[in-house]
Amino acid sequence: MTAIEVREVTFRYPSGKGLVGASFNAAPGERLGIVGPNTAGKSTLLRLLSKVLAPQRGAVLIHGRDISRVGRLALAREVAVVPQDFQVAFPFSVNDVVLMGRYPHATGGAWGARDRAVAREAMQTVGVADLANRRVDELSGGERQLVSLARALAQEPSVLLLDEPTAHLDLRHQRDVVETVFSSGSDRMRTTVLVSHDLNLAAEHCDRLLLLAGGTVQAFGAPKEVITPQQLEQAYGCPVEVDLDPVSHRPRVRSSLARAGAVHLEMDSPRM
């Protein structure tokens, strides 16, 4: 059984942008990267996977179940989302926010001993346990992003959706997020979907990549099949140089697409 299956999904905004006829799948435990230029449909796809949006055509299945027939609470027991920009409107503590990830599992809306233990473990995993009693609105952007990740891990999801998790972070916090997501001893038990403008990060750490362009799937496969000069020039509209990383032997973009205004690209992504 696949963990995620997207079948001919179409969703268009009134502007006409969105996704058209997207199809792909992800296996249990797989790391799937979603890449492509701005307005390609990456964030739209993540919203469809998390049921924030509903397909106008086609279907999204999680573990073989059409999520249009799955309640939001039940879906939250399987799917967790780490947004690009995590904000908290009220002065909750870090511990309170991470415990919110246990809501889908809580009995009668009350936290039990296991909920608190899972939240503590999640905070320790991402390195924010020492901030447990701090107010989230007092933290730096990087620290807030780690709290958001801890909250998602506290859900104990089988599918983890990450929307630009390293965007706007300094190198240290980028490293912390990447190490948590891709080096955790339990991460192979989860299917991870990473939306990223950082092609090298996605190519280095993902099993397969989905390249979107103009709201359609342009390529889907192993990084070496997707990160090619021809595919990227077609998607981004500018020349691209690709070679192999000397350590991982995975494809690596050498020319900066950022200068062409297409993406924000870190040329030396954090590597384990």
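The values are calculated or read from the model by the stated rules, or taken from the named source; none is laboratory data. The structure displayed is predicted, hence computed values, not measured ones. No Cβ is skipped: glycine too gets one built from the backbone with ideal geometry, and neighbour counts run over all protein chains shown.
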- What residue, among those in segment 141-164 that are without any contact (Cβ under 8 Å) to a residue 60 or more places away in the chain and small (Gly, Ala, Ser), is surrounded by the most Cβ atoms within 10 Å (Cβ to Cβ)? ALA150
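Condition check ((1) outside any strand (DSSP E or B); (2) aliphatic (A, V, I, L, M); (3) over 30 Å from THR10 (Cβ atoms)) across all residues:
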{"position": "GLN84", "(1), (2), (3)": "yes, no, no"}
{"position": "GLN87", "(1), (2), (3)": "yes, no, yes"}
{"position": "PRO91", "(1), (2), (3)": "yes, no, yes"}
{"position": "VAL97", "(1), (2), (3)": "yes, yes, yes"}
{"position": "ARG144", "(1), (2), (3)": "yes, no, yes"}
- Message: Could you list, ordered by first residue, the pairs with Cβ atoms under 6 Å in which the first is in segment 119-140 and surrounded by 16 or more Cβ atoms within 10 Å (Cβ to Cβ) and the second is of a type in the set (S, T, N, Q), at least 6 apart or interchain?
- Response: VAL126/THR180; ALA132/ASN95
- Count - residues of segment 122-140 that are of a type outside the set (S, T, N, Q), touching a helix residue (DSSP H, G or I) at 6+ places or on another chain (Cβ under 8 Å) and in a helix (DSSP H, G or I): 6
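How many residues does segment 99-118 hold that are free of Cβ contacts under 8 Å to residues at least 12 places away in the same chain and part of a helix (DSSP H, G or I)? Don't jump to the end; show me each part of the working.
At the first step, the residues of segment 99-118 found to be free of Cβ contacts under 8 Å to residues at least 12 places away in the same chain are 106-110, 112-114, 117.
The next check asks that each one be part of a helix (DSSP H, G or I); those that pass are 113-114, 117.
Of the residues in that region, 3 qualify.
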- Every residue from segment 51-73 that is outside any loop (DSSP other than H, G, I, E, B) and either under 18 Å from PHE24 (Cα atoms) or modelled with pLDDT under 95 (or both): ARG57, GLY58, ALA59, VAL60, LEU61, ILE62, ARG65, ASP66, ILE67, SER68, ARG72, LEU73
- Flag if ALA167 is in a loop (DSSP other than H, G, I, E, B), in contact (Cβ under 8 Å) with a residue 24 or more places away in the chain and hydrophobic (A, V, I, L, M, F, W, C): yes
- Query: With respect to THR2, is the statement that it is among the hydroxyl-bearing types (Ser, Thr, Tyr) and farther than 18 Å from ASP163 by Cβ true?
  - Reply: yes
- Message: So for segment 93-102 (the condition being in contact with an Asp or Glu (Cβ under 8 Å, 6 or more places away or on another chain) and more than 26 Å from SER196 (Cβ to Cβ)), does at least one residue qualify?
- Response: yes
